Amino acid sequence: MKAATSPVPPTKPYKQFKYRFYFWLMDAATVAILAGLATLVWPLPGDIDGYSPLWVQIVMWPLAFMAGVVPVFLITASFMRDDYADGIWRRTMMVIGVLAAVVPLVLNTAYRITATLYTPDGGIIHRAYYQFYYFIEQDLNARAGMVGAWLAFIMAFVIVFQILRWKDSR
């Protein structure tokens, strides 16, 4: 008689789908974040007067969900990550930590340099200082500051994750 051998368990298709689905959600979140950032350059109708047409609201709600809720799920959903995705996740968190330490220092330094070189002649330094001034010297309440920092973190996470993934594929 043949000795009983334990067969190697076949790979479960739902696990492979789960791992792929993580990257699909990451791609969808990236598109939503880039579309949301594009509205900073090209505002949609109704952004200025506070009233948006129905079609803008229909477009923006799914984008807000994909850019705000889905990245939080992707950050916390360790059960959906395989070893490769988990490695990128760890490297992304390291990069985000460095960015959190360096970006405020760089922005403050650039703000101080443009303020020192400021001349009210309408030139490029004048425009740069004007942009930095209104970016940095905003009156924010605690909620607006917290939401802004949160959005910056999750957007940076998704973008850095995709850059590292792209870099690995090269």
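From the residues G68, L164, L34, which one has its Cα farthest along the dipole of the chain in the positive direction, the dipole being from +1 and -1 charges on Cβ of Lys/Arg and Asp/Glu about the Cα centre?
The listed residue farthest towards the positive side: L164.
Have a look at L63, L117, L151 and tell me which one the Gaussian network model of the chain (Cα, springs below 10 Å) gives the largest fluctuation.
Looking only at L63, L117, L151, the largest GNM fluctuation is found for L117.
Quick check for me: using +1 on Lys/Arg Cβ and -1 on Asp/Glu Cβ, what's the dipole size of the chain about its Cα centre, in debye to the nearest 20?
That gives the chain a dipole magnitude of about 980 debye.
Just grab the label-to-label distance for T119 and W166, each label 7 Å out from Cα along the Cβ direction, in nm (one decimal).
3.8
For region 137-149, just list the computed ³J(HN,Hα) in residue order, Karplus coefficients 6.51, -1.76 and 1.60, θ = phi - 60°, integers in Hz, with x standing in for Gly and Pro.
Once rounded to whole Hz, the list reads 8, 7, 7, 10, 8, 4, 5, 5, x, 5, 5, x, 5.
Compute the angle between helix 124-136 and the longest alpha-carbon principal axis of the chain, please, reported from 0 to 90 degrees and rounded to the nearest 10.
60
Using Cα atoms only, what is the angle between the long axis of helix 54-68 and the major principal axis of the chain, expressed in degrees (0 to 90) to the nearest 10?
Approximately 60 degrees, to the nearest 10.
Angle check, please: helix 83-116 long axis (alpha carbons) against the longest principal axis of the chain (alpha carbons), in degrees 0 to 90, nearest 10.
10
Of the candidates T92, T116, T39, which one comes out as most mobile in a Gaussian network treatment of the chain with C-alpha springs shorter than 10 Å?
Looking only at T92, T116, T39, the largest GNM fluctuation is found for T116.
Can you check what the Kirkwood hydrodynamic radius comes to for the chain, Cα pairs only, in Å to one decimal? Walk me through the numbers on the way to the answer.
Values: mean 1/r = 0.0511 Å⁻¹.
About 19.6 Å for the chain.
Computed from the coordinates by the stated procedures, all read-outs in this text should not be read as laboratory data. Quick caveat, the model's predicted, so the values are computed rather than measured. Cβ: placed from backbone, ideal geometry, glycine included. Neighbour counts: every protein chain shown.
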